[in-house]
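First the structure, in the form of structure tokens, and then the observations on it.
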């Protein structure tokens, strides 16, 4: 940064040069045409001197501006204090003054986000980023012309890739991109390729980045055909595969892929529908898995039964309403190591929606679906699976907010001793209660079985409810609860809660 003494010296030099240039121009103006023609070289020198004077003036103005009195050690911190620069702000910093321009253009780490939207801008960012790792994104709604800025990403730039996001509207546009990505990318950590349209899918082959993605940590593919597994996926921790064509991905391919990526922590499969395999006994351990999410309209049980889910992992399954729960659960509960001993089962029925949460010592399994025609078949299938898979210490919590009348068979199954129901909650907004309606036909029957572990009964205030118990429970404005209401057949109720209707 210039000192006051230096500024005074520069100002004196500029003034002297300006006066000399002015006098020279006046002398030339008084000369004849012939003299002017003979002194073209001198005129060129005068023009150059004049330009230098104006340059010095601009430099002095910049040096004397208040913004340039900021200490350099503070100025250099500006980019570090705000990481999420948009390109226009970053470019504007270089237009403040010469000092700022030199300082910020020399910081290669500021120019590593290349969006390939403008040819000149792409060139400048690639140049200024020098040898720093770069993050490249490409979004196109149409074909890529031969001079598209993306084609500036040559083999030298590919070697610097740390992340690459490609979003094109058709697979034919992807076809002209992938041939430029056959060079190795030793720094690549995140790869995302997205095609929104339903059309013939483009296959990513083993030639992508030389087939070596050992540095990759995140992989996200949507509507992409791929020859899984790629080799050397040892550092991959996040994997998302979405909307592959039916029959394109086999269970064998996915299992091979999982084995080649031993550090996988988060896996999301959206409508992948892997085909089944003949190797029923094959098991693949996902030792580092933290979360597995599956969304599908086809049975996923043939796939899940080959996975060993570790302690602490979360499994979330969102399924098609036309398929049964048993189509989406592992054949053996032993595959879910985090739920070897269920401690709690939460089962919600809300109109035509149901949700199951199975909570173990660590980790969760969530299942969600929208039912058509009522929850009977799915819930009965789930209860059958639970009865054969869980330990006797499980706590079953049932919450009903459905306005649909529950089938008689389902209501009795939920109160059977086998299911170990401990908490029953009937929503106060439900009148009349579909659960009680389902039990009413057998109120006087000695065959009615009530869960012996029931501890908490939550009833709405809005109606008189008759339960299959020793006595009659009247829940009304006066909240009259007979002592007999605390004893079901073989059960001791610890808590009866009345909630506002």
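Subtracting the Cα-Cα distance from 0.36 nm times the residue separation, let me have the gained length for residue 70 to residue 47 in nm, one decimal.
Length gained between residue 70 and residue 47: 4.8 nm.
Quick one: 240, 127, fewest Cβ neighbours within 10 Å first, how do they rank?
Lowest to highest Cβ neighbour count: 127, 240.
Roughly how many nanometres apart are two label points built 7 Å out from the Cα toward the Cβ at residue 305 and residue 154?
5.6 nm
Below 8 Å, C-alpha to C-alpha, sequence gap of six or more: please give me the relative contact order for the range 81-189 in percent.
Over the range 81-189, the number comes to 21 percent.
Can you sort 212, 256 from fewest to most other Cβ atoms within 10 Å of each residue's own Cβ?
The most exposed by this proxy come first: 256, 212.
Points 7 angstrom from Cα along the Cβ direction at residue 316 and residue 88: gap in nanometres?
3.5 nm
Where a number appears in this text, it was derived from the coordinates with a stated rule and is not lab data. Worth saying up front: this structure is predicted, and the values here are computed from it rather than measured. Methodologically, a virtual Cβ is constructed for each residue, glycine included, from the backbone with ideal geometry; neighbour enumeration extends over all protein chains shown.
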